Amino acid sequence: MAGLDTTGSNPDVSLLYDINGLAEDSPNWFNRIMEYVGEYGLVLTLVLVVVWCWWGARKRGTLDDAASSVAAVVWAPLAAALAVVVNIPIRGFVERPRPFRDHQGLEVLVDGKTDYSFVSDHATLAMAIGAGLFVANRKLGLLGIALAVAEGFCRVFMGVHYPTDVVGGFALGTAVALLLSPLAQAVLTPVLRAVGRSGRAGRLVWAGRGPAGGGAGAVAIAEPRAESAPDERDLAA
């Protein structure tokens, strides 16, 4: 995919210059903020959203509900890590150079990017977390997906990825997070249920009260004691 032209006949390159051109027209302080946000800030924000989602999931009514919900949340970062690993052979197979190596006039905000461009690790990781969160919590999942889209925009704005690198990352992250989610749930839920029944570590899975085996608020109700039949001697008296 090397040697793409800059004349606009290639939509990928044309969109690259349109988005990256915003960096050239922006003040230096704004570009420095975008550099930090695109390289670290949005990923850290996604991690905080995962923590927020986990904090709510562990407050579900019963241990079984909490274990299932926390399993879905835990899968989000695990899916992101797995998707980035899957991307390693993809990058090696495609071997697409970074856009600034083949095209002149780009405003590159991050130095030292010497690896291949397709697909974007940042876009892959961000969308895997967003899609994984969507399975666990619809509202926070939509927030995660929005942050992932912002991450993809930043990577093109910074001049380190083509738009198709980002789209490929979105597709890879979504596929790994959603397709493997049922298997992950089946494996993680019983493990976390067992952790929830343990001592202090159980608070990581379930913040409810009551016996872990019977769910939150389970109260043992004593059966009424049967009154003994009157003794015949008492009746005779």
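The values are calculated or read from the model by the stated rules, or taken from the named source; none is laboratory data. Model, not experiment: these values are computed from the prediction. When we count neighbours, we look across all protein chains shown, and the Cβ atoms used for this are built from the backbone with ideal geometry, even at glycine.
Name the single residue that is farthest from L204 (Cα to Cα) among those in region 87-97 being outside any loop (DSSP other than H, G, I, E, B) and in contact (Cβ under 8 Å) with a residue 40 or more places away in the chain.
In this case the residue turns out to be V94.
Could you tell me whether region 126-137 includes any residue that is at pLDDT below 95, among the hydrophobic types (A, V, I, L, M, F, W, C), part of a helix (DSSP H, G or I) and surrounded by fewer than 22 Cβ atoms within 10 Å (Cβ to Cβ)?
Within region 126-137, one or more residues are at pLDDT below 95, among the hydrophobic types (A, V, I, L, M, F, W, C), part of a helix (DSSP H, G or I) and surrounded by fewer than 22 Cβ atoms within 10 Å (Cβ to Cβ).
How many residues does region 160-186 contain that are outside any helix (DSSP H, G or I), buried (at least 24 other Cβ atoms within 10 Å of the Cβ) and not hydroxyl-bearing (S, T, Y)?
If we filter region 160-186 for residues that are outside any helix (DSSP H, G or I), which is where we start, we get 160-162, 180.
From what is left, the residues that are buried (at least 24 other Cβ atoms within 10 Å of the Cβ) are 160-162.
From what's left, not hydroxyl-bearing (S, T, Y): 160-161.
Within region 160-186, residues that are outside any helix (DSSP H, G or I), buried (at least 24 other Cβ atoms within 10 Å of the Cβ) and not hydroxyl-bearing (S, T, Y) number 2.
Considering each of V119, V84, V73 in turn, give the residue that is closer than 20 Å to V160 by Cα, in a helix (DSSP H, G or I) and of a type in the set (A, V, I, L, M). Before you say what the answer is, go through the steps one by one.
Values: V119 fails: in a helix (DSSP H, G or I); V73 fails: closer than 20 Å to V160 by Cα.
Residue meeting the stated conditions: V84.
Give just the number: which of (1) assigned to a loop (DSSP other than H, G, I, E, B); (2) within 12 Å of M158 (Cβ to Cβ) does F100 not satisfy?
(1)
Residues checked against (1) over 30 Å from V191 (Cα atoms); (2) without any contact (Cβ under 8 Å) to a residue 24 or more places away in the chain; (3) in contact with a Gly (Cβ under 8 Å, 6 or more places away or on another chain):
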position: C53; (1), (2), (3): no, no, no
position: A57; (1), (2), (3): no, no, no
position: A71; (1), (2), (3): no, no, no
position: A76; (1), (2), (3): no, no, yes
position: F100; (1), (2), (3): yes, no, yes
position: Q104; (1), (2), (3): yes, no, no
position: V108; (1), (2), (3): yes, no, yes
position: S117; (1), (2), (3): yes, no, no
position: L125; (1), (2), (3): no, no, yes
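Confirm whether A175 is of a type in the set (G, A, S), within 15 Å of V84 (Cβ to Cβ) and at pLDDT 95 or above.
Details: of a type in the set (G, A, S): yes; within 15 Å of V84 (Cβ to Cβ): yes; at pLDDT 95 or above: yes.
Yes.
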